[in-house]
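So the structure is just underneath, and the comments pick up after that.
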Amino acid sequence: MAIDLRSDTVTKPSKAMREVIAAAPVGDDVYGDDSTVNSLEERVAEMFGKEAGLFTPTGSLANQLAIRMLVAPGEELLAETNSHIVRAELGAAATFSGITTRTWPAKNGLLKASDALEIARPNSGPYLVSTTAIAVENTHNFGGGTVQPLEEIKALRKGADDLGVALHLDGARIWNAHVASGVSFKEYGKYFDTISVCLSKGLGAPVGSLMLSTKDRVAKARVWRKRYGAGMRQIGLLAAAGHYALDNNISRLSEDHRLAKKIAVAVAELNPALIDPTTVDTNIVGLDLASLGMSAAELATTFREKGLWISALGPKYARLVTHLDFNESQCDEAIEILKSALKAK
Ligand SMILES: *Cc1c(COP(=O)(O)O)cnc(C)c1O
């Protein structure tokens, strides 16, 4: 059987998760009647010290609803150059909300508060675009699953307060950041006005994300969710999977981190130009192929023929992601495949 390391979204719901799904109490969530959705929204909001939460089908929608609450049409959101909001949401902020974005580049996606604050231009008057929010991604996906330094987050909050600018956390993998850093969810939560989190990545739920913020913003976002066509009915079936994921699948992420590190160390032994294993904080192994005479797409094809699926995310950037459905013996097998394919290069 192929080993699939394209993403941590490829996991399938376990038998135990499916049993919880089957037994979930449900109701019509557009009427606010689904008790399983309501309890999930309250639970996750409380975990991050926020007043309210909104269940969404995707993390992209949770991000988009959140930034829509912070940035008016014609205003500006700042984000890192390779952030998911900028690179992987198909221009949704501009398309749906009239939001313009400006970016700063960061090595491995790592936040330096000054990078963002130096380009922020709030209250720019009648000629220039006004900055109203800054987004931070933690962990940073295309940065290689890096964990944002808490000191920089604190400095960004302070600087943003001085400027009167809001902060959004794209916390699709905040669970991984928490497990790797030991920083609590409440601590991460307190620096941000809005937060998105995904249940369908490392936590292994089939679908589901949440947007978290104040009661007022979440009430408004609920209207926009319906307007975008994502008002859902007996969705407690999926919220139940989210509850199960939170109950069972957070602390085990350390195992995914351990196996990602093992892969990174093995790759670096073959060719240290491909990856510096000390940059692998969590479950993502990003390979820089600049030194190889082959593209990421060619490398992915070579691996695939040997039974290992990876993602080619740029001409010279490939990504492997460890997850719930990937174990130690598959890891050893994957390393053998990496060795045999890369030795030839
Ligand atoms: C996966 C991901 C999202 C949301 O993705 P969806 O596929 O829309 O659920 C948002 N931000 C980051 C950093 C992600 O990795």
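The numbers here are math on the coordinates, done by the rules we state, and not lab data. Computed from a predicted model, the values in this text were never measured in an experiment. Backbone-built Cβ (ideal geometry, glycine too); neighbour counts: all protein chains shown.
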Projected label distance in nm at Leu163 and Ala268, using a 7 Å step from Cα toward the beta-carbon:
3.4
Relative contact order for the chain: what percent, with Cα pairs under 8 Å and sequence separation of 6 or more?
24
Per the rule of 0.36 nm per residue minus the C-alpha distance, extending Glu42 to Ser291 adds in nm 84.8 nm
Please state the shape class of the chain: rounded when a/c is under 1.5, otherwise prolate if a/b exceeds b/c and oblate if not, all from the C-alpha gyration tensor.
oblate
Three-way shape label, segment 87-159, alpha-carbon gyration tensor, a/c 1.5:
oblate
Is it possible to state the helix-based mean residue ellipticity at 222 nm for the chain, with each DSSP H run of 4+ residues giving -39500 (n - 2.57), the sum divided by total residues, to the nearest 500 deg cm²/dmol? What is it?
-13000 deg cm²/dmol
Could you check the simple spin-label distance between Ser311 and Glu118, using points 7 Å along Cα→Cβ, in nm with one decimal?
2.9
What FRET efficiency comes out for Thr95 versus Leu150 if R0 is 25 angstrom and r is the Cβ-Cβ distance? Round to the nearest 0.05.
0.15
Relative contact order (percent, whole number), segment 206-283, Cα cutoff 8 Å, 6+ residue spacing:
25
To the nearest 20 debye, the chain has a Cα-centred charge dipole, built from +1 on Lys and Arg Cβ and -1 on Asp and Glu Cβ, of 400
Ranked output for segments 190-203, 11-24, 107-120, 60-73 by mean other Cβ atoms within 10 Å, highest leading, reads 190-203, 60-73, 107-120, 11-24
Rounded, prolate or oblate: which fits segment 175-242 when a ≥ b ≥ c are the square roots of the eigenvalues of the alpha-carbon gyration tensor, with rounded for a/c under 1.5 and prolate only if a/b beats b/c?
oblate
At R0 = 30 Å, FRET efficiency that the Cβ-Cβ distance of Glu51 and Ala72 yields, to 0.05
0.85
Given 260-270, 224-234, 160-170, 301-311, the highest-first ranking by average Cβ count within 10 Å works out to 160-170, 260-270, 301-311, 224-234
Spin-label zone in segment 271-286 - amide nitrogen under 18 Å from a point set 7 Å from the Cα of Arg258 along the C-beta vector
280-285
